[in-house]
1. Could we say that residue 132 is more than 16 Å from the chain's Cα centre (by Cα), closer than 21 Å to residue 24 by Cα and surrounded by fewer than 16 Cβ atoms within 10 Å (Cβ to Cβ) here?
2. Can you give me the number of residues within the range 72-82 that are under 15 Å from the mean Cα position of the chain (by Cα) and in a helix (DSSP H, G or I)?
3. Would you tally the residues in the range 168-189 being touching a residue at least 60 places away in the same chain (Cβ under 8 Å) and out of contact with any helix residue (DSSP H, G or I) (no Cβ under 9 Å at 6 or more places or on another chain)?
4. Restricting attention to the range 143-155, does a residue exist that is over 20 Å from the mean Cα position of the chain (by Cα) and either assigned to a helix (DSSP H, G or I) or closer than 24 Å to residue 75 by Cα (or both)?
5. Take residue 62 and tell me if it is under 22 Å from residue 103 (Cβ atoms) and not in a loop (DSSP other than H, G, I, E, B).
6. Being under 24 Å from residue 177 (Cα atoms) and either more than 15 Å from the chain's Cα centre (by Cα) or not in a helix (DSSP H, G or I) (or both) is the requirement here; does residue 69 meet it?
7. Of (1) closer than 17 Å to residue 70 by Cα; (2) at pLDDT 85 or above, residue 158 satisfies all except one. Which?
8. Select from the range 53-83 the residues that are in contact (Cβ under 8 Å) with a residue 40 or more places away in the chain and either in contact with a strand residue (DSSP E or B) (Cβ under 9 Å, 6 or more places away or on another chain) or surrounded by fewer than 21 Cβ atoms within 10 Å (Cβ to Cβ) (or both) and list them in ascending order.
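The values are calculated or read from the model by the stated rules, or taken from the named source; none is laboratory data. As the structure is a prediction and not an experimental result, all values here were calculated from the model. Cβ sites come from the backbone with ideal geometry, for glycine too, and all protein chains shown count toward neighbours.
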């Protein structure tokens, strides 16, 4: 009797795992089509980074979701209204129909999947992904989890190098990591309605460049 129940349980678990794998592949296909047709590669990468950028290594994963991280909390107020997240509601709106189609997949997973696929579609590497992230049920109240574009810096740092080390250090990143992650900005461009900076703010940018 015990072996029979165990066997039935294993078959059920295997079937659920197979169904989830199929859902993830189908979801990935829909996301790739969305990104291709909307040219939303940069904003999907930015959305995933900003969702995960609340992480605090000192709080610890055992205190989830207070530790922050890639947990889908960016879809809630007041987090989505934070200054650093300007424009990201548009990315969530693009992903919403896909989330409704694949309700068994968490928002946290869909956001990170979209970023990985955006990188790949833009000519970057195919990023190995693991899924199973849980969704937070509230957004972060505290603003200032992400770097400021210009002075005065919200953490009181006198220079940008100290400011970046304060922000990224909270997440456990080294100077080398900071440089690599900052390179992701080359995928997009400055939008005045999001960063406050645009073409007219620099002497080096010409029309159409």
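1. Here the answer is no, as residue 132 does not meet what is asked.
2. Residues that pass the stated criteria total 5.
3. So the answer is 2.
4. Yes, the range 143-155 contains at least one residue that is over 20 Å from the mean Cα position of the chain (by Cα) and either assigned to a helix (DSSP H, G or I) or closer than 24 Å to residue 75 by Cα (or both).
5. no
6. The answer is yes for residue 69.
7. Only one criterion in (1) closer than 17 Å to residue 70 by Cα; (2) at pLDDT 85 or above is unmet by residue 158, namely (1).
8. Across the range 53-83, the qualifying residues are 55, 56, 57, 58, 64, 65, 76, 77, 78, 80, 83.
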